[in-house]
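Presented below is the structure to which this report refers.
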Amino acid sequence: MKVIVLAAGIGARLGRPHPKPLTTLVHGPTIMDEQISGLLHYVPAEDICLVVGFKRQMIRAKFPYFAHVENIDFRTTNTSKSLLLGLREIGDCDVLWLNGDVVFDHHVIGRLIAEINSCMAVNTALVDDEEVKYRTNSDGTIAHVSKELGDALGEAVGINKVSARDVPLLIDCLEACDDRDYFEKALELAISRGLKLYPVDVSDLFCCEIDTEADLAMVNVKFAGSAQ
């Protein structure tokens, strides 16, 4: 299995002068340090690929020992195109990918790896209007995934896995996305074309996507004890 970390964006809502994944947390490591630490429980460093864009030289300097793919159009494209670049680089294998601003208990990764099918980590305890939400079919697979979804079962947390057999379909759907679409748009399209995507409930594990100062503060409260 290979891992793609989507770290090309500007992170405008948090408003840092550096890539958001390089934001330092209260206990010392950066967001990306925390991510890499969790991922290395399950995959070797050579199987991790970072998709970079905004001030990419800073991420390259801090993490030179990982593969890097450049999204040179990071100002005009979104995560659908960054993921597409990463998948084209990796080739045919199971792929786990995550947004570069998610801080998580490493057991989240373990649960997705344990699921043999293509899957999405979800939190059923939260259904925020601003987050990506999902509903399921009668067979338990995901029927819809979107920010605009009503009557949702929970939220997607920004960590996903696709089996090797489903990679070509996902690539086709990412290519069909508009430049500004999030990768969830491609998942929605792939589901309509037959992708069986299973929710993996991680509600009992810490997992937070840092979009705002409030999100960062919540994560820092989590780690404040280890900073003592």
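Quick look at the values:
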quantity: With all protein chains modelled, accessible area of Val221 [1.4 Å, Å²]; calculated: 110
quantity: Value of relative contact order over the chain, rounded to a whole percent, pairs C-alpha under 8 Å and six or more apart; calculated: 25
quantity: Peptides 99-105, 140-146 ordered by average Cβ neighbours within 10 Å, highest first; calculated: 99-105, 140-146
quantity: Cross-link reach list, aspartates and glutamates versus Lys62, counting only Cα pairs under 15 Å and skipping chain neighbours closer than eight places; calculated: Asp33, Glu34
quantity: Cα gyration tensor category, rounded, prolate or oblate, for region 1-85 with a/c compared to 1.5; calculated: oblate
quantity: Net length gained if the chain between Lys55 and Ser192 were fully extended (0.36 nm per residue, minus Cα distance); calculated: 45.7 nm
quantity: Cα-only Debye scattering, region 100-228: base-10 log of I(q)/I(0) at q = 0.09, 0.14, 0.22 Å⁻¹; calculated: -0.27, -0.64, -1.41
quantity: For Lys196, solvent-accessible area (1.4 Å; no DNA, RNA or ligand), Å²; calculated: 110
quantity: Choice from Val167, Val157, Val26 with maximal GNM fluctuation in the chain (Cα, 10 Å cutoff); calculated: Val26
quantity: Volume per residue that the Cα convex hull of the chain spans, once the total is divided by residue count, Å³; calculated: 117
quantity: Label zone at His27 (point 7 Å along Cα-to-Cβ), backbone N below 14 Å, region 172-210; calculated: 206-208
quantity: Most positive-pole-ward Cα, Pro19, Ala61, Cys93, against dipole of the chain from beta carbon charges; calculated: Ala61
quantity: Largest-first ordering by accessible area, 1.4 Å probe, given options Ser203, Ser163, Ser192; calculated: Ser192, Ser203, Ser163
quantity: Accessible surface of Glu188 - all protein chains present, 1.4 Å probe, nearest 10 Å²; calculated: 50
quantity: Ranked order, Tyr42, Tyr182 - accessible area, probe 1.4 Å, largest first; calculated: Tyr182, Tyr42
quantity: Helix-only [θ]222 nm of the chain, DSSP H runs n ≥ 4, -39500 (n - 2.57) each, per residue, nearest 500; calculated: -8500 deg cm²/dmol
quantity: The chain - charge dipole about Cα centre, Lys and Arg +1 at Cβ, Asp and Glu -1, debye rounded to 20; calculated: 600
quantity: Assigned charges on the beta-carbon of Lys, Arg, Asp, Glu; region 60-186 dipole about Cα centre (debye); calculated: 360
quantity: Of all accessible heavy-atom area on region 135-195, the percent that carbon and sulfur account for (1.4 Å); calculated: 45
quantity: Pairs beyond 28 Å (Cα-Cα), from Lys81/Lys222; Lys55/Lys196; Lys20/Lys133; Lys2/Lys133; Lys185/Lys222; calculated: Lys81/Lys222; Lys55/Lys196; Lys185/Lys222
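The values are calculated or read from the model by the stated rules, or taken from the named source; none is laboratory data. Fair warning: this is a prediction, and the values are worked out from it, not measured in the lab. Cβ sites come from the backbone with ideal geometry, for glycine too, and all protein chains shown count toward neighbours. Side chains included, ligands, DNA and RNA excluded: accessible areas come from the protein's heavy atoms. Shrake-Rupley method; radii C 1.70, N 1.55, O 1.52, S 1.80 Å.
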